[in-house]
Every structure is written in structure tokens, then in C-alpha cells.
Amino acid sequence: FLVRVERLGSRAMDDTVAVLALHDLTAIKRMEQMRADFVANASHELRTPLATLLGFIETLRGPARDDADARERFLLIMQEQASRMARLINDLLSLSRIELNEHSKPRTATDLGRIVETATEALQPLARARGMTIVATVASEARIVVGEADELAQLVQNLLDNAVKYGRDGTPVEVSLGGAAGPLPPTVGNDLTPDTAVVLAVKDHGDGIGKEHLPRLTERFYRVDTARSRKMGGTGLGLAIVKHIVNRHRGALVVESVVGQGSTFAVYLPRPEIDDKAVLRPSP
Ligand code: ADP
């Protein structure tokens, strides 16, 4: 435990009044370390595809200059690597934008039901390519939440993306939006109650996630299986973005998973209160 001790007040006062300001430097040091790790990780993630790109450019200008087959293959790889860099940069920008706004709680009434339906439709082709179907169930009394439409769309998309990426071929992905049936899990905290919360749950039938990984799942760049994540085009930032969006909405994220059976990601979000109605703007 590190502390910084500051002496405050004028010299004359020092004899009679001792004022100590104690700052917990441990927390500050931890934050600094996290920031340094983040920059190192982000640079490493960008450097890998960049090195591949530079390597292929050199080959295309040299040994493969006149090889039409090689050129086609290499260009395809280069396109994939450039897309990966673009995805990473988009996710990094999203994360920093959401973090910047995290102190301000959204006050807009948003039709989360419509967002779920739109995202389901948009991802259905990707799911079908793997023999999967996304099945969405939206309860009409739970459609509206207090939230930022763009951020909630990103949250739903990231969770659905993961369910399709990490689900098993041929199994369904089940998405539901409804009221809380029964008491909320203790990890949800005291801000929400069964009466004031809606629950968005995304359930897959994939390999599941080992218990030991769950506490670190929303850390930036944390991956259970790095090779699989990379192969599926993951940036390692999707759940960190989800966590920050949930925090900004004063909601909660609860992950349940059974290895070999699948995972459920449940997001608890606030419903508009009757008193709120006057100040809430409907989303466009
Ligand atoms: P990524 O871009 O790698 O998917 P995320 O932040 O979205 O990054 O997720 C972090 C890690 O959590 C993933 O790499 C994966 O190992 C694991 N994960 C996320 N969602 C699921 C899921 N539905 N089933 C199994 N593992 C998952």
C-alpha cells in the first residue's frame, strides 16, 4: 500500500495544526500500469497485421512480381490484414468515445426491441453460413429502455457476433428481451430491481467458457483462445466495449457458461420510470 503524504498550510500554522492529505498511490499506480499495458497491447495488435502487409508488399515488388496466381492470393491476404487493422481502429475509437461519456447517464427512451430485431436480421446471413439461426423473442412490455440507441445497437451486435462466432455449427442462437422473472442475481447491484429492469439475454450452444476466465472476460484484449478469436476476425475488444456501455447505462452484465454446453450473456438495463417520461426524448 503506497501513500503520498502532503503537508498543507502555511509554516506558521504547522506548529499548531497538522494537516495530512493521504492519497492512495496504489490505485493510481495500477491505473498507470493498465494504461501502459493497453498502449503496448494495442500497438502489438496493430503491428502484427502491419508486418504481414509490409512483408507481402516486398514479395510482390520482388520475387512474385510476375506471378499472377501468387499476386491474387497475396492481395487477398493483404486485404484481410488491412480489414483487421480497420476493425481494430474502429473498436479502439468506439471504446475511447464510450469511456469519455461514461460519467453522463443516458436519458433517452429507446426502442431496444427494434434494435434487437434489426441486429438479428443483419446477422442472420452470417449465422446461416454456419448452419445457425438467430431466434429473437421480444416481449412488448420490455421493448423500451433508457439508453443511447447507437451504443445499445453496438452492444447487441457485439453479443450476437460473439454468439455466432463461438457457437457451434448447426445450433441456434437465442436472443430474448423481457422483464426480470424473479429476483435479480446478486452481482446486478442495488440500482436495479425486478420492477425497474429489463433483461436482454443472448444464449449460444458453443463450447462455453471455463470459470477461471469469467472474471477477466471484459478486459481489453483478453481472449480465452487467441488463435480462434483471430481466426474468427476478433479484436479482443468486443466485450470491453459491452462492459463500458453497460456501465454508462448503470446496468449490469451477468455471464453464465457451462463448458461443452454454451454461454448466456445477460444485460440488465433500466426501464423508463413514470416520472422520467416528461424528460425522456423518444429515439429517432
Ligand atoms: P473477440 O474479438 O476476441 O471475440 P471479445 O472481447 O468479444 O473479443 O471476447 C473476449 C473473449 O471471450 C473471446 O476471445 C472469446 O475467447 C471469449 N468469448 C466471448 N464470447 C464468447 C462466447 N459466446 N462463447 C465462448 N467464448 C466467448
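The values are calculated or read from the model by the stated rules, or taken from the named source; none is laboratory data. In this text, all values refer to a predicted model and were calculated from it rather than measured experimentally. When we count neighbours, we look across all protein chains shown, and the Cβ atoms used for this are built from the backbone with ideal geometry, even at glycine. Remember, those area values only see protein heavy atoms, side chains included, never the ligands or the DNA or RNA. Shrake-Rupley method; radii C 1.70, N 1.55, O 1.52, S 1.80 Å.
Suppose we look only past 23 Å in the calculated P(r) of the range 65-211. What percent of the Cα-Cα pairs does that tail hold?
52
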Considering only protein heavy atoms, with the full assembly of protein chains and a 1.4 angstrom probe, order 249, 44 by accessible area, largest first.
-> 44, 249
In the chain, carbon and sulfur make up what percent of the accessible area (probe 1.4 Å)?
-> 55
Count the DSSP beta bridges whose two residues both fall in the range 104-227, then state the antiparallel fraction as a percent rounded to the nearest 5.
-> 65
The convex hull of the Cα atoms of the chain, divided by residue count, gives a volume in Å³ per residue of 218
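Just to be sure I understand the rule: take each whole DSSP H helix in the chain, project its Cα atoms onto its long axis, keep it if the span is 27 Å or more and its mean Kyte-Doolittle hydropathy is at least -0.5. Which ones pass?
On the way: long enough: 25-61 (53 Å, 0.07); 68-100 (48 Å, 0.03).
Correct list, ordered by number: 25-61, 68-100.
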Could you size up the charge dipole of the range 77-195 around its Cα centre, putting +1 on the beta carbon of Lys and Arg and -1 on that of Asp and Glu, and report it in debye to the nearest 20?
-> 320
Per residue solvent-accessible surface (Å²) - the chain, probe of 1.4 Å = 59
Name the lysines eligible as straight-distance cross-link partners of residue 211: C-alpha to C-alpha under 24 Å, and not fewer than 8 places from it in the same chain.
-> 165, 203, 231, 243
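What percent antiparallel are the DSSP beta bridges of the chain, to the nearest 5? Don't jump to the answer; show the numbers that get you there.
On the way: 28 of 35 bridges.
Of those bridges, close to 80 percent are antiparallel.
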With +1 at each Lys and Arg Cβ and -1 at each Asp and Glu Cβ, the charge dipole magnitude of the range 175-284 around its Cα centre, to the nearest 20 debye, comes out at 480
The alpha-carbon center of the range 191-209 and that of the range 91-156 are separated, in whole Å, by 13
By how many nm would the segment from residue 38 to residue 140 lengthen if fully extended, with 0.36 nm per residue of separation less the alpha-carbon distance?
-> 32.6 nm
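Summing +1 for each Lys or Arg and -1 for each Asp or Glu, what net charge is found among the other residues whose Cβ lies under 12 Å from the Cβ of residue 115?
Every neighbour counted, the sum reads -4.
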Specify the residue with the greatest mean-square fluctuation among 232, 31, 132, computed from a Gaussian network of the chain linking alpha-carbon atoms under 10 Å apart.
-> 31
Taking the chain as a Gaussian network, Cα atoms linked when under 10 Å apart, which of 183, 194, 172 shows the biggest mean-square fluctuation?
-> 183
Among 59, 110, 235, determine the one that fluctuates most according to a GNM of the chain built with springs between C-alpha atoms less than 10 Å apart.
-> 59
